[in-house]
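Below: the structure, in structure tokens.
The values are calculated or read from the model by the stated rules, or taken from the named source; none is laboratory data. Here the structure is a predicted model, which means the values were calculated and not measured. When we count neighbours, we look across all protein chains shown, and the Cβ atoms used for this are built from the backbone with ideal geometry, even at glycine. To get the accessible areas, we keep the full protein, side chains included, count just its heavy atoms, and leave off ligands, DNA and RNA. Shrake-Rupley method; radii C 1.70, N 1.55, O 1.52, S 1.80 Å.
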Amino acid sequence: MSGVYAVIVAAGRGARFGGTLPKQYLALGPGRILRHSAGSLAAHPRIAGVQVVIRDEDRTIYDETVAGLALLPPVSGGAERQDSVRNGLEALTRYEPDHVLIHDGARPFPDAALVSRVLDALDAADAAIPALPLGDTIKRVVDHRIVETVDRSNLFRAQTPQGFRFPAILAAHREMAGRILTDDAAVAEAAGLSVAIVAGHEENLKVTTVSDLAAAERLLALRLGDVRVGQGFDVHGFAPGDHVMCCGVRVPHTAALLGHSDADVGLHALTDAMLGAIGAGDIGQHFPPGDPRWRGASSDQLLAYAATLLRNRGGEIAAVDVTIICERPKIGPHRVAMVDRVAEILAIAPDRVSVKATTTERLGFTGRGEGIAAQAVATVRLPLG
Ligand code: MG
């Protein structure tokens, strides 16, 4: 037995809002809804692994959606939600979890405190779910006419993630296969397990309508409201060779750049900008120049590492902007490839990446063709508080 795992159900075809995209893949801030759901659980310190269940035909958009997140390889969903959950649970049996959280992919903001409340409640119960009391008066309606005002005093709205002792919920799901039950707590109830409730959170909303998506966008703007900017600068001198690496792209040239790693001046400036934005020191501190591990290393590893540090804090990249300063080689013909490569390394959309070049009008060391300089700015958004 070892630890807590999570299953995220993202196999629904529920194309809402008239579109063709299942709602878990709708854009939400710098990413898609599922990226937020999966990223939140993956970042929780008590969760050892996150198992997402997807439709096979969504594999391409899934890979794009969760790029850069540390998740278990996805498994295929079934015909109904319950089949998908069961597939996720079966895939986790190899880890022998003590507890499992089951979460809807379309709920982007399961906050860490809520997750901890659910897990704490499992010390005393087979199952625990977050739930909220009803604020509005509840009416039973038939043919647009109220037939009853329902006593709401003991009614609650169920949220996810719902937590369970793993062997108990696995057995319950196996037993209830084929029956249609609306959530995993209902599966547990049908199997005779006791299900406790803990306080849910209004912000832990499920996106099912256009207005939910608008509310989620507003929440995200507030949650990632700590906007920070970092800048970086780097220089490498020329040495004999036939190409330089710049922004992850091999550029043919009559010289190479001298350096301990691949001397990618653009990626080094950008890595420093990323580290600067989160107050995480500088590139030399994380990748000491004398360290044999980084001799000849491809600098994309350095930049990806800085992005991981940011994401481990729940942050996202808003935009990065790199300026390459040299007379030669000409950067222009490689600019688009550089933008695409940086976007790929950072796992962000290319329209959040800028690479440009300038000369120094033949002045100074870059003007004399002695080397290349680069400066970069990274704008990132971190959670408030
Ligand atoms: Mg450097």
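Key figures
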| read-out | value |
| --- | --- |
| Rounded accessible area of residue 4 (nearest 10 Å², 1.4 Å probe) | 20 Å² |
| Highest to lowest packing among 217-226, 343-352, scored as the average C-beta count within 10 Å | 343-352, 217-226 |
| Degrees, to the nearest 10: 300-312 long Cα axis against longest axis of the chain | 40 degrees |
| Acute angle (nearest 10 degrees) that the helix 112-121 long axis makes with the longest principal axis of the chain, alpha-carbon atoms | 40 degrees |
| Reachable aspartates and glutamates, given that their alpha-carbon falls under 17 Å from the alpha-carbon of residue 356 and they are not under 8 places away in the same chain | 234, 264, 321, 327, 340 |
| Relative packing of peptides 239-248, 99-108 - highest average C-beta neighbours within 10 Å first | 99-108, 239-248 |
| Modelled FRET efficiency - R0 45 Å, residue 59 with residue 179, Cβ distances, 0.05 increments | 0.95 |
| Fully extended contour minus Cα-Cα distance, from residue 243 to residue 228, at 0.36 nm per residue | 1.9 nm |
| In order through the stretch 204-221: 3J(HN,Hα) via Karplus (6.51 cos²θ - 1.76 cosθ + 1.60), integer Hz, x for Gly, Pro | 7, 7, 9, 8, 10, 10, 4, 6, 4, 5, 5, 5, 5, 4, 5, 4, 5, 4 |
| By average C-beta atoms within 10 angstrom, highest first, the peptides 376-384, 109-117 | 376-384, 109-117 |
| Length added when fully stretched, residue 144-residue 365, from 0.36 nm per residue minus Cα-Cα | 71.7 nm |
| Stretch gain in nm, segment residue 260-residue 156, where the contour uses 0.36 nm per residue and the Cα spacing is subtracted | 31.4 nm |
